[in-house]
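For reference, the structure is listed below as structure tokens.
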Amino acid sequence: MSLNIPGLVSLSVFFTISLATGIWASWKSKDQQNRNPTEMAIVGGRNINVFIGLFTATATWVGGAYINGTAEIVYLPSKGLLWLQAPVGFALSLVIGGFFFVNPMRLKNYVTVMDPLQETYGNLMGSLLFIPPLLGEVFWFAAILASLGATMRVILDVGGSLAIIISACIVILYTLLGGLYSVAYTDVIQLSFITLSLASPWICIPFALVNSATESIYYTATHQSYQGPWIGKIEIQDLGRWLDDFFYLVFGSIPWQTYFQRVLSTASPGQARLISYLSGLGCFSMAIPPVLIGAVAASTDWNQTSYGLPSPLERGESAMILPLVLHYLCPAYISIAGLGAIAAATMSSADSALLSASSMFAHNIYRKILRKKATEAEILWAMRTSMLVFGAGATGLAFYSRSVYDLWFLSGELVYTLLFPQLCCSLFAPSTNTYGSAAGFVVGLLLRLLAGEPALSIPPIICYSACSLVNGTYSQLFPFKTLTMLLTLGTIIIISYLAELLFQRNLLPHRWD
């Protein structure tokens, strides 16, 4: 396979347009520097309109890993469509977030998701609770860069490392220059490109369907062909894990700065809710083309293509099934356009993760803990410096793609089990206090870590019911993540009540408080 020159040129044009848009948006933001400059960088001066807000919120969720992962889950014989939970889970998450969480956050003019936590539980607890989302954003940035690198290696036959470095540099540069303004306006370009390029998968689907190597996806949905039916099935013993993963996607997707950064940047709570609802619909609809591509892949005799045997599954390349379908079952111009969709999706999520991590560090750690008397200019420089550090670190981690995905999953689960109950209590149970928060943090962290993590070869200390040993690795089939989240929530409420009671009745001296 030789270097794909047309694909490389088209991708270079897309990168150039994205960078130019980001630089233009940074100039536009400087026209409004009479506003608070830090607030301009983090929440766009709270004047992002509904159109821009909808584009940037949707583009944040529809990343390269989202598109590739959707096709992969449908393709895998051990999973299938019934195990595809992200589109519905993310959509419900955005609807629930808009219904319950947007109003209290927007009415108080919070800047980050950490603000209500620091306001309720203090800066010390805030700094501890900052760690899981920070790790999650950095690992997520690295994971989606790795996804783009793998795709370019398949379609363009260029080194994945070069793609990772170029993409990271472009994202860091325009995010550094313009903050949320640059991210939001480039998201408009990127989501437009995704939509147009996802017309490419819509166009490529007929090519793939009529390919002589592909059997009818209607037949293979429920019948054995070259592999098991792509509709998949959920065994009774797997139902607990299925529900656990689904609740994790629905509720664990709420307490992220990438989400609140969008809804907090609007002019009113009503606009924020509207953006949240509509972006949920957009997120779900964007999953349809990769679902069909995964179904086509599961219905293909790869021996009849130039890819040959063994199949992508047997070669361990199922994670790249979407670019493989575009490349081996469709004309060259279709695969190039599909690569553009993946590149756009990758950049739209990468810049959001980078801005999110640096915003929380500058606003909640540097300003509120490290330098309480820092000037606005100093905070901006702290934010930009942290962007460079986090961006460089994530780029380095992207070269360890499999490990970084596993680390992102674990940090995401910590956000669900630790941060979600803390956010709920700070917003809806204001009587909770730092004692309850600290106890909940310790209980949740211990329970999650003691449950083990097979992807990282961490054996479980606590084996819940239905814990099974498969190929030397323990697998928890019980919904332990959701149980841990509920126990963390209960611990915060109960310990807060007990601590207040003990001090009020002088059972503990007030000087200990």
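Consider only pairs whose beta carbons are under 6 Å apart and that are at least six residues apart or on different chains; among these, list those whose first residue lies in the stretch 109-126 and is under 19 Å from Met383 (Cα atoms) and whose second residue is open to solvent by 10 Å² or more (accessible area, probe 1.4 Å) and among the basic types (Lys, Arg).
Short answer, once both residue conditions are applied: Asn123/Lys368.
Gly270 - would you say it is within 25 Å of the chain's Cα centre (by Cα), more than 20 Å from Met360 (Cα to Cα) and assigned to a loop (DSSP other than H, G, I, E, B)? It would help to see each step written out before you state the result.
On the way: within 25 Å of the chain's Cα centre (by Cα): yes; more than 20 Å from Met360 (Cα to Cα): yes; assigned to a loop (DSSP other than H, G, I, E, B): no.
Taking the combined requirement at face value, the residue does not satisfy it.
Is it the case that the stretch 33-41 has a residue that's under 23 Å from the mean Cα position of the chain (by Cα), crowded, with 21+ Cβ neighbours inside 10 Å and either of a type in the set (A, V, I, L, M) or modelled with pLDDT under 85 (or both)?
Yes; the residues of the stretch 33-41 include at least one that is under 23 Å from the mean Cα position of the chain (by Cα), crowded, with 21+ Cβ neighbours inside 10 Å and either of a type in the set (A, V, I, L, M) or modelled with pLDDT under 85 (or both).
For the stretch 318-335, indicate whether the set of residues that are assigned by the TED database to the domain that holds Phe14 and either closer than 26 Å to Phe390 by Cβ or charged (D, E, K, R) (or both) is non-empty. Outline the logic, then answer.
Here is the first cut: in the stretch 318-335, the residues assigned by the TED database to the domain that holds Phe14 are 318-335.
Then drop every residue that is not either closer than 26 Å to Phe390 by Cβ or charged (D, E, K, R) (or both), which leaves 319.
Yes, some residue in the stretch 318-335 is assigned by the TED database to the domain that holds Phe14 and either closer than 26 Å to Phe390 by Cβ or charged (D, E, K, R) (or both).
Would you point out the residue of the stretch 445-493, among those that are among the small types (Gly, Ala, Ser) and assigned to a loop (DSSP other than H, G, I, E, B), that is surrounded by the fewest Cβ atoms within 10 Å (Cβ to Cβ)? Outline the logic, then answer.
Filtering the stretch 445-493 down to residues among the small types (Gly, Ala, Ser) leaves 451-452, 455, 457, 465-466, 468, 472, 475, 490.
Retained after the next criterion (residues that are assigned to a loop (DSSP other than H, G, I, E, B)): 451-452, 457, 465-466, 472.
Numbers: Ala451: 23, Gly452: 21, Ser457: 10, Ser465: 9, Ala466: 16, Gly472: 7.
Looking at the filtered set, the residue picked out is Gly472.
Within the stretch 362-389, work out how many residues are among the aromatic types (Phe, Trp, Tyr) and modelled with pLDDT of 95 or more.
First, the residues of the stretch 362-389 that are among the aromatic types (Phe, Trp, Tyr): 366, 381.
Those left that are additionally modelled with pLDDT of 95 or more: 366.
Number satisfying all stated conditions: 1.
Which of the residues belonging to the stretch 68-103 are small (Gly, Ala, Ser), under 25 Å from Ile236 (Cβ atoms) and part of a helix (DSSP H, G or I)?
Step one: of the stretch 68-103, the residues small (Gly, Ala, Ser) are 69, 71, 78, 80, 86, 89, 91, 93, 97-98.
Filter once more, so that each one left must be under 25 Å from Ile236 (Cβ atoms): 78, 80, 86, 89.
Once the filter is applied, which keeps residues that are small (Gly, Ala, Ser), under 25 Å from Ile236 (Cβ atoms) and part of a helix (DSSP H, G or I), the stretch 68-103 yields Ala86, Gly89.
Across the stretch 79-122, what is the total count of residues that are hydroxyl-bearing (Ser, Thr, Tyr) and in contact with a His (Cβ under 8 Å, 6 or more places away or on another chain)?
Within the stretch 79-122, the subset hydroxyl-bearing (Ser, Thr, Tyr) is 93, 110, 112, 120-121.
Now drop any that are not in contact with a His (Cβ under 8 Å, 6 or more places away or on another chain), which leaves 112.
Residues flagged as hydroxyl-bearing (Ser, Thr, Tyr) and in contact with a His (Cβ under 8 Å, 6 or more places away or on another chain) within the stretch 79-122 amount to 1.
Counting just the residues of the stretch 222-260 that are without any contact (Cβ under 8 Å) to a residue 40 or more places away in the chain and under 28 Å from the mean Cα position of the chain (by Cα), which one comes out surrounded by the most Cβ atoms within 10 Å (Cβ to Cβ)?
Of all residues in the stretch 222-260, those without any contact (Cβ under 8 Å) to a residue 40 or more places away in the chain come to 222-224, 235-236, 239.
From what's left, under 28 Å from the mean Cα position of the chain (by Cα): 235, 239.
Details: Glu235: 9, Leu239: 13.
Only one residue tops the list, namely Leu239.
Residue-wise test of (1) of a type outside the set (Asp, Glu); (2) over 30 Å from Met347 (Cα atoms); (3) modelled with pLDDT of 90 or more.
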| residue | (1), (2), (3) |
| --- | --- |
| Pro201 | yes, no, no |
| Pro206 | yes, no, no |
| Ala221 | yes, yes, yes |
| Trp230 | yes, no, yes |
| Ile234 | yes, yes, yes |
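Among the residues in the stretch 409-421, are any touching a Phe, Trp or Tyr at 6+ places or on another chain (Cβ under 8 Å), open to solvent by 30 Å² or more (accessible area, probe 1.4 Å) and not assigned by the TED database to the domain that holds Pro132?
No, there is no match, as no residue in the stretch 409-421 is touching a Phe, Trp or Tyr at 6+ places or on another chain (Cβ under 8 Å), open to solvent by 30 Å² or more (accessible area, probe 1.4 Å) and not assigned by the TED database to the domain that holds Pro132.
Taking the residues in the stretch 97-139 that are among the aliphatic types (A, V, I, L, M), open to solvent by 20 Å² or more (accessible area, probe 1.4 Å) and under 26 Å from Val443 (Cα atoms) as candidates, determine which candidate is farthest from the chain's Cα centre (by Cα).
Step one: filter the stretch 97-139 for residues among the aliphatic types (A, V, I, L, M), giving 102, 105, 107, 111, 113-114, 117, 124-125, 128-129, 131, 134-135, 138.
Next, from what is left, pick out any that are open to solvent by 20 Å² or more (accessible area, probe 1.4 Å): 107, 124, 128, 131, 134-135, 138.
Add one more test, that the residue is under 26 Å from Val443 (Cα atoms), and what stays is 124, 128, 131, 134-135, 138.
Working: Leu124: 26, Leu128: 21, Ile131: 16, Leu134: 12, Leu135: 12, Val138: 10 Å.
Among them, the one singled out is Leu124.
Among the helices (runs of 4 or more DSSP H) lying completely within the stretch 285-394, list those that include at least 1 residues that are of a type outside the set (Val, Ile, Thr) and under 30 Å from Thr38 (Cα atoms).
Details: elements: 288-298, 321-329, 332-360.
Answer list for the stretch 285-394: 332-360.
The values are calculated or read from the model by the stated rules, or taken from the named source; none is laboratory data. Owing to the predicted nature of the structure, the values given are computational and were not obtained by experimental measurement. Heads up, the Cβs are rebuilt from the backbone with ideal geometry, glycines too, and the neighbour counts pull from every protein chain shown. The area values use the complete protein model at the heavy-atom level, side chains included, leaving out ligands, DNA and RNA. Shrake-Rupley method; radii C 1.70, N 1.55, O 1.52, S 1.80 Å.
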